[in-house]
Amino acid sequence: MRIVIVEDDALIREGLSKTVGKINPEYEVVGTAADGEAGYDLIRRSVPDLVIMDIRMPKMDGLDMMEKLRGEQVKCKVIVLSAYSDFNYAQQAIRLGIVGYLLKPINLTELKNALEQVEETCRNEAQKERIFSRDSIFWGIMNGKLGTGTEFDDIVWEKYGFTVNDAASMFILWLGKEYESRKRQACQLLED
């Protein structure tokens, strides 16, 4: 899981950066930032799975940064760190789709649980993406392995704008050994 840490307190930022890797060696801290503006730029560049961020920071607070990212459809998970147990902060953070709210000083067990929960959510979403990929759906239809079902049709309709029952035409284009060199040209012809 790729993680960005945005925290203005250098000791907490560096401590989190080291601790995350000790909790699970597969957790990769792809960057850290000391304020909201730098965090915003880092998140947009690195597209992490998870952002661990403070709420009160210089230049741009965490909630403003989150709101800006959500407005741009950046879909990373977010764990908020705060020294304040203010209900208004928590309420606004929940509205913006956070997955965890940890109070400072950070409890190692709570951090570990929050990271594992995010990892599980990311794993489930990735599996759902594979199952509901366009390729998977078309192969399932072609092989007669996909029937219709209300929930399945609803998800496919929401994601792609069609259902398994919709009429469709399909053809196969064989490019053989020329596949890599002709793939872009074939895709352009199909789009045209």
query: Filter the range 109-131 for residues that are surrounded by fewer than 12 Cβ atoms within 10 Å (Cβ to Cβ) and of a type in the set (S, T, N, Q); which is farthest from ILE23 (Cα to Cα)?
result: GLN127
- prompt: Are there any pairs with C-beta distances below 6 angstrom linking a residue in the range 60-79 that is farther than 19 Å from LEU115 by Cα to a residue that is open to solvent by 60 Å² or more (accessible area, probe 1.4 Å) and part of a loop (DSSP other than H, G, I, E, B), with the two at least 6 apart or on different chains, and if so which?
  reply: none
- request: May I ask you to say which residue of VAL51, VAL47 is open to solvent by 10 Å² or more (accessible area, probe 1.4 Å), closer than 22 Å to GLU120 by Cβ and under 18 Å from the mean Cα position of the chain (by Cα)?
  value: VAL47
field: Residues of the range 26-44 classified as over 24 Å from GLU120 (Cα atoms) and either in contact with a Pro (Cβ under 6 Å, 6 or more places away or on another chain) or of a type in the set (Gly, Ala, Ser) (or both), total
entry: 6
- prompt: Within the range 57-65, can one find any residue that is buried (at least 19 other Cβ atoms within 10 Å of the Cβ) and within 24 Å of GLU120 (Cβ to Cβ)?
  reply: yes
task: Sort out for me the helices (runs of 4 or more DSSP H) sitting completely within the range 92-192 that have 1 or more residues that are touching a Gly at 6+ places or on another chain (Cβ under 8 Å) and at pLDDT 75 or above.
output: 108-131
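The values are calculated or read from the model by the stated rules, or taken from the named source; none is laboratory data. Predicted model, so just to flag it, every value in this text is computed and none were measured. Backbone-built Cβ (ideal geometry, glycine too); neighbour counts: all protein chains shown. We work out accessible area using only protein heavy atoms, side chains counted, and drop any ligands, DNA or RNA first. Shrake-Rupley method; radii C 1.70, N 1.55, O 1.52, S 1.80 Å.
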